[in-house]
Structures are given as structure tokens and as C-alpha cells.
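Chemist: Quick one: this structure, given as C-alpha cells, is what I'll be asking you about.
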Amino acid sequence: MGEKTIFNKNWRVKILRSMVRERKLKPIERISSRIGYMGAGFLMAGQWTVEPILFIVGFCCVLFQVTVRRQWNLVVLQLNGLVAWTIHFINSL
């Protein structure tokens, strides 16, 4: 029974590895990923403080990341948030 379990694991691992392609990230992709994490941090800080500037900076950072990754549905979503918080900021002046 133990031998059969090992065979099943090896078979599954081979299939999973064949589905994943190995590629190295380009420098712009690495930078955009880090900027995206920073943007997520700004968005979280904005949730706690409800400060429009934090939201605007956060949406800009995440917008850069999703644009580099060409995730166009998320680009539209980030633009929506950016416009909404920019309007809120302008109205609060």
C-alpha cells in the first residue's frame, strides 16, 4: 500500500510540474510587484485613516503593477477607485 501511495504522488507531481513553466521575471516586473505591495499597504492604511491621499497613492501604485502585468480588468477597477477618491479629495478641499 505504501508503494502505491508513492507512485500516485510522483505521478501527480510530474503532471503539476509539466503545467508550470519556469521563467524569470524582468526587472520592470520585479519593480512593479514591489510597488504593488507598497500600494496595497497604502490602501490598507487608508482604510484605517480614511485619508484620501493614502487611497490615491495606493491606487496609483497598484495601477502601475496591473498595467505592467496587462491585467486590463484590474486596470479599469483601479482607475475607478482612483477617480472616485480623487473626486472625494477635490470636494473636501
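The values are calculated or read from the model by the stated rules, or taken from the named source; none is laboratory data. All values derive from a computational prediction rather than experimental measurement. Glycine gets a Cβ as well: all are built from the backbone with ideal geometry, and neighbour counts include every protein chain shown. Only protein heavy atoms, including side chains, enter the accessible area calculation; ligands, DNA and RNA are left aside. Shrake-Rupley method; radii C 1.70, N 1.55, O 1.52, S 1.80 Å.
Chemist: Counting other Cβ atoms within 10 Å of each Cβ, which GluC sites (Glu not before Pro) in the chain have at most 11 and sit in a DSSP loop?
Modeler: GLU22
Chemist: Would you kindly compute the Cα radius of gyration of the chain and its largest Cα-Cα separation (Dmax), both in Å?
Modeler: Computed over the Cα atoms of the chain, radius of gyration and Dmax are 20.6, 72 Å.
Chemist: Accessible area per residue of the chain at 1.4 Å probe, in Å²?
Modeler: Ligands and nucleic acids excluded, the figure is 83 Å² per residue.
Chemist: Next question. Using +1 at the C-beta of Lys and Arg and -1 at the C-beta of Asp and Glu, which of TRP48, ILE90, ILE28 has the Cα lying farthest in the positive direction of the dipole of the chain?
Modeler: Sorting the options by dipole projection puts first ILE28.
Chemist: If you don't mind, there's one more thing I want to ask. Net charge near GLN65, counting Lys/Arg +1 and Asp/Glu -1 over other residues with Cβ under 10 Å of its Cβ?
Modeler: +1
Chemist: If you don't mind, there's one more thing I want to ask. Using the Cα centre as the reference, give the magnitude of the dipole from point charges on the C-beta atoms of the stretch 22-93 (Lys, Arg: +1; Asp, Glu: -1; all else neutral), rounded to the nearest 20 debye.
Modeler: 420 debye
Chemist: Suppose a student asked you for the relative contact order of the chain, using Cα pairs under 8 Å spaced at least 6 residues apart; what percent would you report? The partial results should precede the final answer.
Modeler: On the way: 68 pairs, mean separation 22.0, N = 93.
Across the chain, relative contact order equals 24 percent.
Chemist: Can I ask one more? Once you place label points 7 Å from the Cα toward the Cβ at GLN71 and ILE28, how far apart are they in nm?
Modeler: Placing both labels 7 Å beyond Cα along the Cβ direction yields 1.8 nm.
Chemist: Let me ask something additional. For the chain, what is the mean residue ellipticity at 222 nm derived from helices alone (per DSSP H run of n ≥ 4: -39500 (n - 2.57); sum divided by total residues; nearest 500 deg cm²/dmol)?
Modeler: -29000 deg cm²/dmol
Chemist: If you build a Gaussian network model of the chain, linking Cα atoms that sit under 10 Å apart, which residue out of GLY39, GLY58, GLY81 swings the most?
Modeler: Ranking GLY39, GLY58, GLY81 by mean-square fluctuation puts GLY81 first.
Chemist: Which of these, ILE35, ILE56, ILE15, has the largest mean-square fluctuation under a Gaussian network model of the chain (Cα springs below 10 Å)?
Modeler: ILE15
Chemist: Right, next: With a 1.4 Å probe and all protein chains left in place, how much of the accessible area of the chain comes from carbon and sulfur atoms, in whole percent?
Modeler: For the chain, the apolar C and S fraction of the accessible surface comes to 65 percent.
Chemist: Report the residue, chosen from VAL76, VAL13, VAL57, that carries the largest GNM mean-square fluctuation when the chain is represented by alpha-carbon nodes joined by springs under 10 Å.
Modeler: VAL13
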